[in-house]
């Protein structure tokens, strides 16, 4: 049987005791924590430095645009007032009433035996409703001059009713009178009657107002369509 003698057992025991020394272990742990804290500190410093650079960049941008922003704020009220004025102008333009189709309708209604001496028009607005009044002065010729003037009045009422939905055409009081003069029309000598007719109609809303692109004067009547 072999005999082994360990003359360093005391040294080994001392080394083992030192390896298990709590103060030494605590020191190692503290060293590791210190290293990690230092790394975290430098990481955060890098992040802060990056954010600081972004802040300086934003401050520089703000310094360049701030004068323009102040100028815009100073002109804000003027711009809003101008926008409001432009809006009102556009609304007025979109809601305007066109007189040209009315005159076209009037010309279409006037036969060769009728001569208009004067035409006056008046428009009044109440909200979205426009009331139009035409005052016509003229003479009509025919074998029965008063009958010719009455036929002209009926034609006016029919054509303006077709165009605007509802219209009235009436003689002014005591305005239909026979004239002493006669006229030669198509080889015939015809009597004449003077008249004053007032035509009234209303347009319910701006959207129903006639426009040059879609004039009521060009709308065919039901009788013409049936033909």
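The values are calculated or read from the model by the stated rules, or taken from the named source; none is laboratory data. Keep in mind the model is a prediction, meaning the values are calculated, not measured. In this analysis, Cβ positions are derived from the backbone assuming ideal geometry, glycine residues included, and neighbour counts consider all displayed protein chains.
Select, from 25, 35, the only residue that is in a helix (DSSP H, G or I) and at pLDDT 90 or above.
Residue meeting the stated conditions: 35.
Based on what the data block shows, is residue 141 over 29 Å from residue 95 (Cα atoms) and either touching a residue at least 24 places away in the same chain (Cβ under 8 Å) or touching a strand residue (DSSP E or B) at 6+ places or on another chain (Cβ under 7 Å) (or both)?
Criteria met by residue 141.
Can you pull out the residues in the range 91-112 that are in a helix (DSSP H, G or I) and within 30 Å of residue 190 (Cα to Cα)?
Of everything in the range 91-112, those that are in a helix (DSSP H, G or I) and within 30 Å of residue 190 (Cα to Cα) turn out to be 102, 103, 104, 105, 106, 107, 108, 109.
Among the listed residues 107, 119, which satisfies the condition of being surrounded by 12 or more Cβ atoms within 10 Å (Cβ to Cβ) and under 28 Å from residue 172 (Cα atoms)?
119 is the lone residue from the list that is surrounded by 12 or more Cβ atoms within 10 Å (Cβ to Cβ) and under 28 Å from residue 172 (Cα atoms).
Within the range 82-90, can one find any residue that is without any contact (Cβ under 8 Å) to a residue 24 or more places away in the chain and either surrounded by fewer than 10 Cβ atoms within 10 Å (Cβ to Cβ) or part of a loop (DSSP other than H, G, I, E, B) (or both)?
Taking every residue of the range 82-90 in turn, none turns out to be without any contact (Cβ under 8 Å) to a residue 24 or more places away in the chain and either surrounded by fewer than 10 Cβ atoms within 10 Å (Cβ to Cβ) or part of a loop (DSSP other than H, G, I, E, B) (or both).
Residues that are at pLDDT 90 or above, surrounded by 15 or more Cβ atoms within 10 Å (Cβ to Cβ) and part of a helix (DSSP H, G or I): does the range 130-146 have at least one?
Yes - at least one qualifying residue is present in the range 130-146.
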